[in-house]
1. Please give, to one decimal in nm, the separation of the simple spin-label points placed at residue 45 and residue 5, each 7 Å out from Cα toward the Cβ.
2. Going 7 Å from the Cα of residue 84 along its beta-carbon direction, which residues of region 30-62 have the amide nitrogen within less than 20 Å of the resulting point?
3. Apply 1/(1 + (r/R0)^6) to the Cβ-Cβ distance of residue 131 and residue 20, taking R0 = 41 Å, and write down the FRET efficiency to the nearest 0.05.
4. With everything on Cα atoms, drop me the angle between helix 64-80 and the longest principal axis of the chain, reported from 0 to 90° to the nearest 10.
5. Measuring from label point to label point, each 7 Å out along Cα→Cβ, what is the residue 113 to residue 63 span in nm?
6. Would you mind calculating the relative contact order of the chain from Cα pairs under 8 angstrom and at least 6 residues apart, reporting the percent as a whole number?
7. Taking just the alpha-carbon atoms of region 74-144, what radius of gyration and Dmax come out, in angstrom?
8. Quick check: the angle from helix 22-38's long axis to the longest principal axis of the chain, C-alpha only, nearest 10 degrees?
C-alpha cells in the first residue's frame, strides 16, 4: 500500500521536483499524482499538501508534457485532499496578470468544475447581502 511508504519517499520526490532537469520533475510529478490516488482515505493529507506545495510552481513550465503531468497531479490532489483545498490554490491565480500563470490554472479549475461541481459550493468566498439581492446561503452553515 502507498500509505506505508509515502513518508519515506516524500523527501525524494521533493528533491526531484526542485531539480533543474525537466525530466526529473516530470517523473516526480507523475509519481506524486499516482501516490496521491493511492493514499486516498488513509489520512496522509499532511504529506500530500507538502507535495502539492512543490507541484504547484511547475505550472510555469513550457513543456506540454510537464503541464499535462501537472494537471494530472492536481486531479489526484482533488481526489485525495478534496476539491476545496485545490480550489483555494486556484483562486489565487485565476486572475493573475500573466497569461502563463492563468492558462494552466484555468485548466485545473475547469477540471475541478467537471469532477467536483457540487462539492465546490461550500468553498466559494462569501459575498455579503445587498438591499436587493441575497447571496449568502445559510443552509451551508447548518450542522447536525
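What follows draws every value from the coordinates through simple rules; no lab data is involved. Keep in mind that what you see is a predicted model, and the values were worked out from it rather than measured. No Cβ is skipped: glycine too gets one built from the backbone with ideal geometry, and neighbour counts run over all protein chains shown.
1. 2.6 nm
2. Residues 40-50, 52-53 qualify, since their backbone N sits under 20 Å from the label point.
3. On the way: r = 57 Å, r/R0 = 1.38.
It comes to 0.15.
4. Value to nearest ten degrees: 60.
5. Simple spin-label model gives 3.0 nm for this pair.
6. Numbers: 147 pairs, mean separation 27.5, N = 144.
Here the relative contact order equals 19 percent.
7. My reading of the Cα-based Rg and Dmax gives 14.3, 44 Å.
8. The angle comes out near 60 degrees.
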